[in-house]
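Beneath this line is the structure, given in structure tokens, with notes to follow.
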Amino acid sequence: MNYRKLGKSGLWVSEIALGNWITHGAQVDDTTAQACVHAALDCGITTFDTADVYSETRAESVLGVSLKGIRREGIELCTKVFHPTGSGYNDKGLSRKHIVEACHASLQRLQTDYIDVYYAHRFDATTPLEETFLALSDLVRQGKVLYVGVGEWTAEQIKLGAALAKELKVPFIASQPQYSMLWRVIEAEVMPACEREGIGQVVWSPLAQGILSGKYAPDKPLPEGSRASTTAGSPFFERLAGQWLRKEVLQAVERIRPIAEKCGLTLPQLSIAWVLQNQQVSSAIIGASKPEQVKENVKAAGVSLDPEVMGQINHILNNVVELDPSKTG
Ligand code: NDP
């Protein structure tokens, strides 16, 4: 494993992080979840990503149990607040009330005294940004949160947040957007805005939820046990299918496979290595339904890809890649 500084902060994170959206507390049983976490630790992953909303809060609990007994100083534990965790008006969003209550609940489920990076999962247009940052600032002063991040915020929202963070002396150091060979909407606006503010990218779905593993062949049934087959009928599936399970995308992904082979990599390894070529990316958060996937995917750490290879990939994906910055968020 290699390690990078998160933005211009002093915090080191592992180049590859493990996330547990959809998997822990839902798709996989707790024993498998723990095996994935332990495979990650064995491979040198120190950065773990979750959210209060994942699997209706169960994902945080599973991660808390899986990391029990692990030296706290040796890992970076990151979680998020925004999406509803209950049915009340105040069980969602970025109000002072919800942020403070959600943070306390996350600490309990994660069985820890502090969160390393606490993310505002989405922007809350219904709450004054000053209120949000003041609440985050108080949690930082109380030592319950060490650093602050945001998820899927636009460049303009990040700029406003960074100004408040400076005023309130909040260590706002991370942006967590979707980023992969197929989804590059942050390159035009979010990345330059973050670079100006010293904020690093901790990117999600580097495999486009498994599409870039190459296991979804055009015109073939969905592989049994895969995310697409296990989420069929759910809003998660709609998103996956709507974005990626299209013939032209799957055919383009197939054309990348020989490039991976030439580099001595598997397709998932090449895809994760691709996002890590961008030095603004501090860490790529992978998901895994099996420990073997973690062991395979971590081999993308430290890989350097030739400009020629990057050019070939761009050329192949030219007609299917999404670049439109207005799709952020
Ligand atoms: P990926 O794009 O890495 O997809 C992971 C999935 O792909 C796995 O669960 C597995 O699914 C499949 N897969 C992984 N490796 C392989 C392999 N080697 N061969 C075949 N299939 C493979 O990431 P995720 O979409 O899971 O997202 C990662 C994390 O990012 C989340 O857990 C979460 O922490 C974070 N995230 C943040 C969001 C935000 O709004 N801030 C939104 C979404 C995610 P399967 O085996 O089931 O097919």
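Observations, loosely collected:
- Segment 147-200 and segment 254-329: distance between their alpha carbon centers, rounded to Å: 22 Å
- With R₀ fixed at 25 Å, the C-beta to C-beta distance from ASP29 to ALA232 puts the FRET efficiency at about 0.80.
- In a fully extended conformation the segment linking GLU248 and GLU292 would gain 13.0 nm over its present Cα-Cα distance, using 0.36 nm per residue.
- Under the criterion of Cα pairs below 8 Å and six or more residues apart, the relative contact order for the chain equals 21 percent.
- Loop GluC sites (Glu not before Pro), segment 275-329, which have at most 10 other Cβ atoms in a 10 Å radius of their Cβ (DSSP): none
- Kirkwood-based shape ratio for the chain, expressed as Rg/Rh from alpha carbons: 0.95
- Sparse-neighbour loop sites [trypsin sites (Lys or Arg not before Pro); segment 1-36; at most 14 other C-beta within 10 Å; DSSP]: LYS8
- Here r is the Cβ-Cβ distance between GLU156 and LYS68 and R0 is 45 Å; the resulting FRET efficiency, rounded to 0.05, is 0.65.
- Calculated mean residue ellipticity at 222 nm for the chain: -12000 deg cm²/dmol, from DSSP H runs with n ≥ 4 weighted as -39500 (n - 2.57), summed, divided by the residue count and rounded to 500.
- Debye intensity ratio in log₁₀ form over the Cα atoms of segment 54-126, taken at each q of 0.20, 0.21, 0.22 Å⁻¹: -0.83, -0.90, -0.97
- Counting only Cα atoms, the size of segment 1-102 along its three principal axes is 43, 37, 21 Å, in decreasing order.
- Tensor-based shape of segment 153-236 (alpha-carbon gyration tensor, a/c under 1.5 rounded, otherwise prolate or oblate): prolate
- Distance between the modelled labels on HIS38 and GLU322, one decimal in nanometres: 3.7 nm (7 Å Cα→Cβ projection).
- The antiparallel fraction among DSSP beta bridges confined to segment 117-219 stands at about 10%.
- A convex hull fitted around the alpha carbon atoms of segment 87-175 yields 88 Å³ per residue.
- Hydrodynamic radius of segment 193-289 per Kirkwood, over alpha carbon pairs, in Å: 14.6 Å
- Distance between the pseudo-spin-label points of ALA241 and GLU131 (7 Å out from Cα toward the beta carbon): 3.9 nm.
- Partner lysines for LYS327 [C-alpha distance under 25 Å; skip if fewer than 8 residues away on the same chain]: LYS80, LYS92, LYS159, LYS247
- Tensor-based shape of segment 280-329 (alpha-carbon gyration tensor, a/c under 1.5 rounded, otherwise prolate or oblate): oblate
- Pairs exceeding a 23 Å alpha-carbon distance, out of LYS97/LYS144; LYS68/LYS169; LYS8/LYS169; LYS68/LYS144; LYS8/LYS290: LYS68/LYS169; LYS8/LYS290.
- Antiparallel bridge percentage (DSSP; both residues within the chain; nearest 5): 10 percent
- Cα-based radius of gyration for segment 242-297, normalised by 2.2 N^0.38 Å, reads 1.25.
- Ranking of ILE316, ILE256 by count of other Cβ atoms within 10 Å, fewest first: ILE316, ILE256
The numbers here are math on the coordinates, done by the rules we state, and not lab data. It should be emphasised that the depicted structure is a prediction, and the values quoted were computed from it without experimental measurement. FYI the Cβ positions are ideal-geometry reconstructions off the backbone, even for glycines, and counts take in every protein chain you see.
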